[in-house]
Amino acid sequence: MRQIPVDTSGATVMVAKPPQPKVKDRRTGEIAMDTETGAKLMTVDVMFAANDDVEILSLTVPESGFSGELIMGTPVALTGVIARPWENEFNGQKRHGIAFRAVAVTSLAHAGSASEAA
């Protein structure tokens, strides 16, 4: 499958919705696992602002790829982001889109801000 690297260096990125388990099958509640590593997969929605445009992207990230507290509004750095075009057919309807995946999402919030206020 074709993978397209995404340059995030010029973007401002913030958490829009904190990480949650990625559900593979909504009927059974089965959680998605990485087929290569066996790691539990999570999704996190981020506000991605670049070139005077803002979008909400849903990223798939391995559970071990998160560092720092990731609550709504937290500025983050993204590592190893790729885009994958996808297409499927369900009940006679063709659907397509772009799936985003990242190796890591790292909080850029100042860890020392709480101690400075004390």
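Condition first: without any contact (Cβ under 8 Å) to a residue 60 or more places away in the chain and within 11 Å of the chain's Cα centre (by Cα). Now tell me which residues in the stretch 1-20 satisfy that. If the condition is that a residue be without any contact (Cβ under 8 Å) to a residue 60 or more places away in the chain and within 11 Å of the chain's Cα centre (by Cα), then Ala16, Lys17, Pro18, Gln20 are the ones that fit. Scanning the stretch 73-106 for residues that are farther than 17 Å from Ser9 by Cα and small (Gly, Ala, Ser), we see that the one that is surrounded by the most Cβ atoms within 10 Å (Cβ to Cβ) is Ala99. Residue check: is Ala104 in contact with a Leu (Cβ under 9 Å, 6 or more places away or on another chain) and without any contact (Cβ under 8 Å) to a residue 60 or more places away in the chain? Yes: the conditions hold for Ala104.
The one condition from (1) open to solvent by 40 Å² or more (accessible area, probe 1.4 Å); (2) within 15 Å of Thr106 (Cα to Cα); (3) part of a strand (DSSP E or B) that Glu69 does not meet is (3).
The values are calculated or read from the model by the stated rules, or taken from the named source; none is laboratory data. Small disclaimer: the values here were computed from a predicted structure and weren't measured. In this analysis, Cβ positions are derived from the backbone assuming ideal geometry, glycine residues included, and neighbour counts consider all displayed protein chains. Ligands, DNA and RNA are stripped out before the accessible areas are found, and what is left, the full protein with its side chains, is counted by its heavy atoms. Shrake-Rupley method; radii C 1.70, N 1.55, O 1.52, S 1.80 Å.
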